[in-house]
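A quick write-up on the structure given underneath.
The values are calculated or read from the model by the stated rules, or taken from the named source; none is laboratory data. Remember, predicted model here, so these are calculated numbers, not experimental data. Virtual Cβ from ideal backbone geometry, glycine too; neighbours counted across all protein chains shown. Ligands, DNA and RNA are excluded from the accessible area calculation, which covers all protein heavy atoms including side chains. Shrake-Rupley method; radii C 1.70, N 1.55, O 1.52, S 1.80 Å.
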Amino acid sequence: MNNCKSFKPSIDNNSKILILGSMPGIKSLEEQQYYAHPQNRFWKVMGTICNEPKLSELDYETKLKILLNSNIALWDTIKSCKREVSLDSDIQNEKPNDIRKLLKTYPNIETICLNGNKSYSAFKKYFPDLLEKYTCFKMPSTSPANARYNLDTLIQDWAKVL
């Protein structure tokens, strides 16, 4: 089992939407970048939503800046866990990030999007009160493991919320 730790949030005082993943996958942890796996569709979805069609091809820092310019912050529901592979179903011994503290520090956040089932279930487990306090959406995972959703369907579902 590998010990996995999430990254620092990508957020600023203008952020209004917080997208929470579960825990970065192995490729993301190696690269120290959110959604680094080339088959993860997150950056393609965000590129369409942010009107930056080439977003997925840009360098990581530029990607984060474009999201922040669109008032979108990124973080993870889970701070640390043990996991052998990148699948959320493999996560064990999870500990949550201090999302309450983040939301107090950045009071402009109005909407929370939970990227996938594991992010949602962990958020619901550790922060049930926040589901009532904020506008929260359980979103279809952009992971390549979510084969039920093609890119167009992901974009449609995410665009309805964002």
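Remarks
- Subset of segment 37-46 [at pLDDT 95 or above and surrounded by fewer than 20 Cβ atoms within 10 Å (Cβ to Cβ)]: 44
- Residue selected from segment 10-25 under the condition assigned to a loop (DSSP other than H, G, I, E, B) and more than 16 Å from residue 66 (Cβ to Cβ), by the criterion farthest from the chain's Cα centre (by Cα): 13
- Subset of segment 103-116 (residues that are buried (at least 17 other Cβ atoms within 10 Å of the Cβ) and part of a helix (DSSP H, G or I)): 103
- Of everything in segment 80-102 that is in a helix (DSSP H, G or I) and modelled with pLDDT of 95 or more, the residue that is farthest from residue 154 (Cα to Cα) is 101.
- Qualifying position, being farther than 19 Å from residue 117 by Cα, open to solvent by less than 70 Å² (accessible area, probe 1.4 Å), of a type in the set (A, V, I, L, M, F, W, C) and modelled with pLDDT under 95, among 29, 58: 29
Let's see how each residue does on (1) in contact with a helix residue (DSSP H, G or I) (Cβ under 7 Å, 6 or more places away or on another chain); (2) farther than 25 Å from residue 5 by Cβ; (3) among the polar types (S, T, N, Q); (4) in a helix (DSSP H, G or I):
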position: 27; (1), (2), (3), (4): no, no, no, yes
position: 33; (1), (2), (3), (4): yes, no, yes, no
position: 37; (1), (2), (3), (4): yes, no, no, no
position: 40; (1), (2), (3), (4): no, no, yes, no
position: 46; (1), (2), (3), (4): yes, no, no, yes
position: 61; (1), (2), (3), (4): no, no, no, yes
